[in-house]
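*Asks:* Take this structure first; my questions come after.
The values are calculated or read from the model by the stated rules, or taken from the named source; none is laboratory data. These figures come from a predicted structure and were not determined experimentally. With ideal geometry, Cβ positions are generated from the backbone for all residues, glycine too; neighbour counts draw on all protein chains shown. Please note that ligands, DNA and RNA were not included when accessible areas were found on the heavy atoms of the full protein model with its side chains. Shrake-Rupley method; radii C 1.70, N 1.55, O 1.52, S 1.80 Å.
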Amino acid sequence: MKNPHVTTACAIAALALVSAWTVRTSAQGSARTGAAPISASAATTTTDGQPDIQGYWNQRNNVTTYSLERGDEDRREHNRITGQRAATGRPIVDPADGKMPFQPWAAKKYQFLLSVHTGPERVEDLDPVARGFMEGTPRINLQTGFQILQPTGYVVFLYEYGHHYRVVPLDDRSHLPDGIKLWMGDSRGHWEGQTLVIDVTNNNEQTWFDQVGAFHSAALHVVERWTFAGPDALDYRATIDDPTVFTRPWTIGMNYRRNKEKGYEQMESAVWEGNRAVEFMVHPKGAPGAK
(Lines give C-alpha, C1' and ligand atoms only; values in the text may rest on other atoms or scores of the structure.)
Protein backbone atom coordinates (compact mmCIF):
# COMPACT_ATOMS: atom_id res chain seq x y z
CA MET A 1 0.00 0.00 0.00
CA LYS A 2 1.13 3.53 -0.69
CA ASN A 3 0.00 5.13 2.58
CA PRO A 4 0.65 4.06 6.16
CA HIS A 5 -2.19 2.35 7.97
CA VAL A 6 -3.43 3.68 11.29
CA THR A 7 -4.99 1.19 13.67
CA THR A 8 -5.88 3.03 16.86
CA ALA A 9 -9.11 4.92 17.39
CA CYS A 10 -7.19 8.01 18.47
CA ALA A 11 -5.14 8.05 15.30
CA ILE A 12 -8.21 7.50 13.14
CA ALA A 13 -9.81 10.55 14.71
CA ALA A 14 -6.68 12.56 14.10
CA LEU A 15 -6.57 11.45 10.48
CA ALA A 16 -10.03 12.83 9.87
CA LEU A 17 -8.84 16.23 11.03
CA VAL A 18 -5.55 16.49 9.21
CA SER A 19 -6.06 14.12 6.23
CA ALA A 20 -5.07 10.49 6.05
CA TRP A 21 -3.12 11.00 2.89
CA THR A 22 0.49 11.99 2.38
CA VAL A 23 2.39 13.07 -0.68
CA ARG A 24 3.94 9.90 -2.07
CA THR A 25 6.85 11.45 -3.93
CA SER A 26 10.10 13.00 -2.71
CA ALA A 27 10.39 16.66 -1.83
CA GLN A 28 11.88 18.88 -4.50
CA GLY A 29 11.66 22.33 -2.95
CA SER A 30 9.63 25.22 -4.24
CA ALA A 31 7.73 25.04 -7.50
CA ARG A 32 9.74 26.06 -10.52
CA THR A 33 8.91 29.38 -12.12
CA GLY A 34 9.06 30.31 -15.75
CA ALA A 35 9.38 26.74 -17.03
CA ALA A 36 9.44 26.57 -20.80
CA PRO A 37 6.52 24.55 -22.20
CA ILE A 38 7.15 21.55 -24.39
CA SER A 39 7.43 22.52 -28.05
CA ALA A 40 4.36 21.99 -30.21
CA SER A 41 6.37 19.80 -32.58
CA ALA A 42 7.42 17.49 -29.73
CA ALA A 43 3.94 17.12 -28.20
CA THR A 44 1.52 14.40 -29.20
CA THR A 45 -2.10 15.44 -29.59
CA THR A 46 -5.52 13.95 -29.03
CA THR A 47 -8.01 13.37 -31.84
CA ASP A 48 -9.45 16.85 -31.33
CA GLY A 49 -6.02 18.53 -31.36
CA GLN A 50 -5.36 18.96 -27.63
CA PRO A 51 -1.83 18.44 -26.30
CA ASP A 52 -2.07 14.93 -24.90
CA ILE A 53 -1.66 15.06 -21.11
CA GLN A 54 -3.67 11.92 -20.38
CA GLY A 55 -2.46 9.60 -17.65
CA TYR A 56 -1.74 9.53 -13.93
CA TRP A 57 0.03 12.46 -12.29
CA ASN A 58 1.61 13.05 -8.87
CA GLN A 59 2.76 16.23 -7.18
CA ARG A 60 6.52 16.68 -6.65
CA ASN A 61 6.79 19.48 -4.08
CA ASN A 62 6.00 17.74 -0.78
CA VAL A 63 2.97 19.97 -0.23
CA THR A 64 -0.15 18.86 1.63
CA THR A 65 -3.34 20.69 2.46
CA TYR A 66 -2.40 21.14 6.12
CA SER A 67 -1.12 24.71 5.89
CA LEU A 68 -0.29 26.80 2.84
CA GLU A 69 1.87 29.15 4.91
CA ARG A 70 3.39 27.11 7.72
CA GLY A 71 4.49 23.78 6.29
CA ASP A 72 4.47 21.12 9.02
CA GLU A 73 4.67 23.60 11.91
CA ASP A 74 1.15 22.73 13.11
CA ARG A 75 1.25 19.09 12.07
CA ARG A 76 3.95 17.62 14.27
CA GLU A 77 1.61 15.95 16.75
CA HIS A 78 -0.28 14.35 13.89
CA ASN A 79 2.99 13.06 12.48
CA ARG A 80 3.94 11.63 15.89
CA ILE A 81 0.63 9.75 16.18
CA THR A 82 0.51 8.36 12.65
CA GLY A 83 4.18 7.91 11.84
CA GLN A 84 3.78 9.88 8.64
CA ARG A 85 6.71 11.95 7.49
CA ALA A 86 6.47 15.72 7.57
CA ALA A 87 5.45 17.59 4.44
CA THR A 88 7.41 20.82 4.35
CA GLY A 89 6.54 22.23 0.93
CA ARG A 90 4.99 25.68 0.85
CA PRO A 91 3.15 26.42 -2.39
CA ILE A 92 2.59 30.19 -2.23
CA VAL A 93 4.81 31.75 -4.91
CA ASP A 94 3.27 35.24 -4.85
CA PRO A 95 3.50 37.23 -2.57
CA ALA A 96 7.21 36.55 -2.18
CA ASP A 97 6.90 36.26 1.62
CA GLY A 98 4.66 33.20 1.21
CA LYS A 99 1.80 34.76 3.18
CA MET A 100 -1.82 35.05 2.14
CA PRO A 101 -2.70 38.77 1.79
CA PHE A 102 -5.70 38.82 4.11
CA GLN A 103 -7.55 42.04 4.79
CA PRO A 104 -7.21 43.04 8.48
CA TRP A 105 -10.62 41.68 9.52
CA ALA A 106 -9.98 38.44 7.62
CA ALA A 107 -6.51 38.04 9.15
CA LYS A 108 -8.09 38.10 12.62
CA LYS A 109 -10.60 35.43 11.64
CA TYR A 110 -7.86 33.29 10.10
CA GLN A 111 -5.70 33.55 13.23
CA PHE A 112 -8.68 32.51 15.35
CA LEU A 113 -9.43 29.48 13.19
CA LEU A 114 -5.74 28.55 13.22
CA SER A 115 -5.65 28.81 17.02
CA VAL A 116 -8.57 26.40 17.51
CA HIS A 117 -8.05 24.00 14.63
CA THR A 118 -7.05 21.06 16.85
CA GLY A 119 -10.10 21.38 19.11
CA PRO A 120 -12.71 24.02 18.24
CA GLU A 121 -15.78 24.58 20.40
CA ARG A 122 -18.03 24.82 17.32
CA VAL A 123 -18.33 22.38 14.43
CA GLU A 124 -18.31 25.25 11.92
CA ASP A 125 -14.80 26.19 13.06
CA LEU A 126 -13.49 22.76 12.05
CA ASP A 127 -11.98 22.09 8.62
CA PRO A 128 -14.88 21.35 6.22
CA VAL A 129 -13.00 18.36 4.77
CA ALA A 130 -12.69 16.86 8.26
CA ARG A 131 -16.50 17.08 8.37
CA GLY A 132 -16.84 15.13 5.13
CA PHE A 133 -17.32 18.00 2.69
CA MET A 134 -15.51 18.53 -0.60
CA GLU A 135 -12.05 20.04 -1.02
CA GLY A 136 -12.82 22.85 -3.45
CA THR A 137 -10.51 24.28 -6.10
CA PRO A 138 -7.53 24.66 -5.97
CA ARG A 139 -7.17 22.70 -2.72
CA ILE A 140 -8.01 19.38 -4.37
CA ASN A 141 -4.86 19.71 -6.49
CA LEU A 142 -2.74 19.50 -3.32
CA GLN A 143 -4.22 16.12 -2.42
CA THR A 144 -2.47 12.92 -3.58
CA GLY A 145 -2.62 12.17 -7.31
CA PHE A 146 -5.11 12.25 -10.14
CA GLN A 147 -5.84 10.88 -13.58
CA ILE A 148 -6.45 13.09 -16.62
CA LEU A 149 -8.72 12.00 -19.48
CA GLN A 150 -9.37 14.01 -22.65
CA PRO A 151 -12.60 13.05 -24.40
CA THR A 152 -13.34 15.25 -27.41
CA GLY A 153 -13.91 18.83 -26.28
CA TYR A 154 -13.15 18.23 -22.60
CA VAL A 155 -10.45 17.70 -20.00
CA VAL A 156 -11.52 15.46 -17.11
CA PHE A 157 -9.71 15.20 -13.76
CA LEU A 158 -10.34 12.06 -11.69
CA TYR A 159 -8.84 12.60 -8.24
CA GLU A 160 -7.74 9.80 -5.96
CA TYR A 161 -8.89 11.68 -2.88
CA GLY A 162 -12.55 11.56 -1.89
CA HIS A 163 -13.96 10.50 -5.28
CA HIS A 164 -13.59 14.08 -6.49
CA TYR A 165 -13.72 14.82 -10.18
CA ARG A 166 -13.85 17.83 -12.49
CA VAL A 167 -15.23 17.98 -16.02
CA VAL A 168 -13.77 20.97 -17.88
CA PRO A 169 -15.45 21.88 -21.19
CA LEU A 170 -13.23 23.54 -23.77
CA ASP A 171 -15.89 25.28 -25.85
CA ASP A 172 -17.03 28.87 -25.43
CA ARG A 173 -20.06 28.14 -23.26
CA SER A 174 -20.85 30.65 -20.51
CA HIS A 175 -20.39 30.01 -16.83
CA LEU A 176 -23.41 29.09 -14.74
CA PRO A 177 -25.59 31.93 -13.42
CA ASP A 178 -23.88 33.74 -10.55
CA GLY A 179 -26.48 32.60 -8.01
CA ILE A 180 -25.51 28.94 -8.43
CA LYS A 181 -22.64 28.09 -6.06
CA LEU A 182 -20.76 24.79 -6.16
CA TRP A 183 -18.27 23.05 -3.87
CA MET A 184 -15.78 22.56 -6.70
CA GLY A 185 -16.75 25.68 -8.63
CA ASP A 186 -17.68 25.90 -12.31
CA SER A 187 -14.71 25.29 -14.63
CA ARG A 188 -14.27 26.47 -18.23
CA GLY A 189 -11.05 25.79 -20.08
CA HIS A 190 -9.08 26.63 -23.20
CA TRP A 191 -5.59 25.95 -24.51
CA GLU A 192 -2.98 28.67 -24.99
CA GLY A 193 -0.31 26.76 -26.86
CA GLN A 194 0.86 24.05 -24.44
CA THR A 195 -0.87 25.62 -21.42
CA LEU A 196 -4.36 24.59 -20.30
CA VAL A 197 -6.06 27.65 -18.76
CA ILE A 198 -9.05 26.92 -16.53
CA ASP A 199 -11.32 29.70 -15.26
CA VAL A 200 -13.12 28.64 -12.07
CA THR A 201 -16.11 30.65 -10.85
CA ASN A 202 -19.32 29.97 -8.90
CA ASN A 203 -17.47 28.77 -5.79
CA ASN A 204 -19.40 28.51 -2.57
CA GLU A 205 -17.96 30.09 0.58
CA GLN A 206 -17.79 26.87 2.60
CA THR A 207 -14.45 25.42 1.47
CA TRP A 208 -11.04 26.31 2.87
CA PHE A 209 -7.68 26.44 1.09
CA ASP A 210 -6.07 24.31 3.81
CA GLN A 211 -6.90 22.53 7.06
CA VAL A 212 -6.05 25.30 9.50
CA GLY A 213 -8.53 28.03 8.57
CA ALA A 214 -7.54 29.66 5.26
CA PHE A 215 -11.05 30.66 4.30
CA HIS A 216 -12.56 32.67 1.43
CA SER A 217 -15.92 34.11 0.41
CA ALA A 218 -18.34 33.26 -2.38
CA ALA A 219 -16.61 35.96 -4.46
CA LEU A 220 -13.67 33.57 -5.00
CA HIS A 221 -12.34 33.45 -8.57
CA VAL A 222 -9.53 31.06 -9.50
CA VAL A 223 -7.53 30.95 -12.73
CA GLU A 224 -5.44 27.80 -13.17
CA ARG A 225 -2.61 27.37 -15.68
CA TRP A 226 -1.43 23.81 -16.39
CA THR A 227 1.69 24.05 -18.56
CA PHE A 228 2.86 20.95 -20.42
CA ALA A 229 6.54 21.46 -19.65
CA GLY A 230 7.88 18.13 -20.86
CA PRO A 231 6.71 14.68 -21.97
CA ASP A 232 6.08 13.74 -18.33
CA ALA A 233 5.93 17.16 -16.64
CA LEU A 234 3.12 19.56 -15.77
CA ASP A 235 3.80 22.92 -14.10
CA TYR A 236 0.84 24.33 -12.19
CA ARG A 237 -0.12 27.86 -11.19
CA ALA A 238 -3.38 28.98 -9.61
CA THR A 239 -4.10 32.67 -9.12
CA ILE A 240 -6.65 33.31 -6.38
CA ASP A 241 -8.75 36.47 -6.36
CA ASP A 242 -11.31 37.28 -3.69
CA PRO A 243 -11.67 41.05 -3.09
CA THR A 244 -13.99 40.40 -0.14
CA VAL A 245 -11.26 38.64 1.87
CA PHE A 246 -7.86 39.52 0.37
CA THR A 247 -6.09 42.78 -0.42
CA ARG A 248 -4.92 41.52 -3.81
CA PRO A 249 -4.73 38.35 -5.93
CA TRP A 250 -2.15 35.74 -4.90
CA THR A 251 -0.70 32.63 -6.51
CA ILE A 252 0.26 29.09 -5.60
CA GLY A 253 2.50 26.88 -7.72
CA MET A 254 3.42 23.20 -7.88
CA ASN A 255 4.96 20.68 -10.25
CA TYR A 256 3.58 17.30 -11.30
CA ARG A 257 5.17 14.29 -12.93
CA ARG A 258 3.50 11.54 -14.88
CA ASN A 259 3.20 8.27 -12.96
CA LYS A 260 4.49 5.54 -15.29
CA GLU A 261 4.42 2.69 -12.79
CA LYS A 262 3.33 -0.45 -14.60
CA GLY A 263 -0.11 -1.61 -13.52
CA TYR A 264 -0.72 1.49 -11.38
CA GLU A 265 -4.25 2.03 -10.10
CA GLN A 266 -5.60 4.83 -7.95
CA MET A 267 -6.63 3.90 -4.45
CA GLU A 268 -10.23 4.19 -3.34
CA SER A 269 -10.72 6.95 -0.78
CA ALA A 270 -13.68 6.46 1.52
CA VAL A 271 -15.01 6.91 5.02
CA TRP A 272 -17.65 4.73 6.54
CA GLU A 273 -21.23 5.43 7.52
CA GLY A 274 -21.49 6.24 11.19
CA ASN A 275 -17.95 7.67 11.45
CA ARG A 276 -17.83 9.57 14.76
CA ALA A 277 -14.45 11.27 14.34
CA VAL A 278 -15.89 14.80 14.55
CA GLU A 279 -17.10 14.03 18.08
CA PHE A 280 -13.45 13.51 19.10
CA MET A 281 -12.34 16.77 17.51
CA VAL A 282 -14.96 19.29 18.63
CA HIS A 283 -14.91 20.28 22.30
CA PRO A 284 -17.90 22.46 23.29
CA LYS A 285 -17.19 24.79 26.15
CA GLY A 286 -17.57 23.01 29.46
CA ALA A 287 -17.42 19.54 27.94
CA PRO A 288 -14.70 17.04 28.91
CA GLY A 289 -11.57 17.79 26.93
CA ALA A 290 -12.56 21.40 26.23
CA LYS A 291 -9.86 24.00 26.42
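*Asks:* Quantify, in whole percent, the carbon and sulfur part of the accessible surface of region 116-264 (1.4 Å probe; protein heavy atoms only).
*Replies:* 54 percent
*Asks:* Further, regarding this structure: So if I take the centroid of the Cα atoms in region 117-153 and the same for region 155-214, what is the distance between those two points in Å?
*Replies:* 12 Å
*Asks:* Which trypsin sites (Lys or Arg not before Pro) in region 225-276 sit in a loop by DSSP (not H, G, I, E or B) and have at most 13 other Cβ atoms within 10 Å of their own Cβ?
*Replies:* In loop regions of region 225-276 (DSSP not H, G, I, E or B), the sparsely surrounded trypsin sites (Lys or Arg not before Pro) are Lys260, Lys262, Arg276.
*Asks:* Where a Cα-Cα gap under 17 Å defines reach, which aspartates and glutamates qualify for Lys109, not counting those fewer than 8 residues away within the same chain?
*Replies:* Cα-Cα hits under 17 Å: Glu69, Glu121, Glu124, Asp125, Asp127, Glu205, Asp210, Asp242.
*Asks:* Follow-up. Which three extents, in angstrom, do the Cα atoms of region 123-188 have along their principal axes, listed largest first?
*Replies:* 41, 31, 14
*Asks:* Label points 7 Å out from Cα along the Cβ direction at Lys181 and Thr47: separation in nm?
*Replies:* Here the answer is 4.0 nm between the modelled labels.
*Asks:* Counting only Cα, what are the radius of gyration and maximum Cα-Cα distance Dmax of region 142-241, in Å?
*Replies:* Just the Cα atoms of region 142-241 yield Rg and Dmax of 13.8, 40 Å.
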